[in-house]
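Enquirer: Before anything else, here's the structure in question.
The values are calculated or read from the model by the stated rules, or taken from the named source; none is laboratory data. It should be emphasised that the depicted structure is a prediction, and the values quoted were computed from it without experimental measurement. Here the Cβ is made from the backbone with ideal geometry for all residues, glycine too, and neighbour counts use every protein chain on show.
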Amino acid sequence: MDLNKAVETQLNNIQTKTGKSLDDLVAWVKSTGLSKHGEIRDRLKTDLGLGHGDANTLTHYALQSDGASQAANKSSDAVLDEIYAGPKAALRPIHEALMARIETFGEFEIAPKKGYVSLRRKKQFAMLGPATNTRFELGLNMKDVEGTERLLAQPPGGMCQFKVKFTDASEVDDEVFGWIRRAFDAAG
């Protein structure tokens, strides 16, 4: 099972709260005959008394609709081909320019998801992928940094503390790699 530690802990807590194993919970979801995410989530809240976050996570788990599940058993190239398909294909050179330089930093894990790629050392330091058909985003995790007009601070509680937006590979420069390097070093 390829779950990040927070989701794994949350699923363990759900099992404790409900007194049911994950297999039992998935079987229960299937027995409802429901197939839409929102309907299943609401039913878990009503019938099992789960909070919204727990019900949402369990629904993703049961449907295998989270990004990691959807990218499972596919090569990195196949996942990238899906991420950068159609109108998003023009954004792939940004991804490739970033990765070519990040790979010189040292060892790290590349975790492809459904719509983006997560980069991890001991913890996630960056996320990269298309935000829209015409805009690419780099998410960074680092502390004690002031946001700028280009390095956009994000609200607390998100997956990354900062975002950098790109529309062209020419915007990938030394300033960006300085931020990435800082996030990389802090994650290791």
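Enquirer: From the list A153, A169, pick out the single residue that is farther than 23 Å from V7 by Cβ, in contact with a Pro (Cβ under 9 Å, 6 or more places away or on another chain) and not assigned by TED's automatic domain parsing to the domain that holds H60.
Expert: Exactly one residue qualifies, and that residue is A169.
Enquirer: For segment 13-26, enumerate the residues that are out of contact with any helix residue (DSSP H, G or I) (no Cβ under 9 Å at 6 or more places or on another chain) and in a helix (DSSP H, G or I).
Expert: T16, D23, listed by residue number.
Enquirer: So, of the residues in segment 161-184 that are surrounded by 18 or more Cβ atoms within 10 Å (Cβ to Cβ) and under 19 Å from the mean Cα position of the chain (by Cα), which turns out to be farthest from V145 (Cα to Cα)?
Expert: Only one residue tops the list, namely F166.
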